[in-house]
Amino acid sequence: MAELATIARPYAEALFKSSKSDLNGTSQWLDALAAVAGNAQLLQFADNPKVGNAQVYDVISDVVRVQLPASGQNFLRTVIENGRLAALPGIAQQFRDMKNAQSGSSDATVYSAFPIAAEQLASVAQVLERRFGRKLNLSVQEDASLIGGIRVVVGDEVLDTSVKARLEQMKVALTA
């Protein structure tokens, strides 16, 4: 995995430098490309020696859910021609990291046992931003195994206030 990160870095840096004027737009189409490129069947198709670069480009551009600007189309062609399609998720992650570093924010994933309403998420975001001391870009994922409460992951920091975590704490305390 470190090899893909090493391969991805120059692509992410070049894309970041060339898209300073529209980082959010670039991030959107890059994330869409990364989601498509993360598919194992697509990577297997792209690695087939009988399939040309144009065919791979056509499949990806048909499947991706966003309209690619000219710079996005050129970027995708370059990645395909250089055989770096597997590195696209890493490129997207490193691009997001650079974008967040510039804006002073971080990506955060909130795991919840139940759906969170927009107004509740806004109040949770305020509390979490105070707790972590920076602006957070929240995404929510449901995880029924939590039973209740939330689990927040910001980079390598984890804040777990779920019922599952408290039950685990009680179990450790009772068996110690």
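The values are calculated or read from the model by the stated rules, or taken from the named source; none is laboratory data. Just so you know, these numbers come straight off a predicted model, no measurement behind them. Quick reminder, even Gly has a Cβ in these numbers, built from the backbone with ideal geometry, and neighbours come from all protein chains shown. Remember, those area values only see protein heavy atoms, side chains included, never the ligands or the DNA or RNA. Shrake-Rupley method; radii C 1.70, N 1.55, O 1.52, S 1.80 Å.
Values for this structure:
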item: Output for region 88-107, where each listed residue is outside any helix (DSSP H, G or I) and more than 10 Å from the chain's Cα centre (by Cα); result: G104, S105, S106
item: Positions within region 22-63 being farther than 11 Å from L85 by Cα, of a type outside the set (S, T, Y) and either open to solvent by less than 50 Å² (accessible area, probe 1.4 Å) or outside any helix (DSSP H, G or I) (or both), in sequence order; result: L23, G25, W29, L30, A32, N48, P49, K50, V51, G52
item: Residues that are closer than 18 Å to G104 by Cα, among the acidic types (D, E) and not in a helix (DSSP H, G or I), drawn from region 118-172; result: D156, E157
item: Condition broken by S123, with the remaining ones in (1) touching a Gly at 6+ places or on another chain (Cβ under 9 Å); (2) among the polar types (S, T, N, Q); (3) over 30 Å from P10 (Cβ atoms) satisfied; result: (1)
item: Matching residues, region 87-110, being farther than 30 Å from A46 by Cα and buried (at least 18 other Cβ atoms within 10 Å of the Cβ); result: N100, S106, A108, V110
item: Failed condition for V66, given (1) outside any loop (DSSP other than H, G, I, E, B); (2) surrounded by fewer than 19 Cβ atoms within 10 Å (Cβ to Cβ); (3) aliphatic (A, V, I, L, M); result: (1)
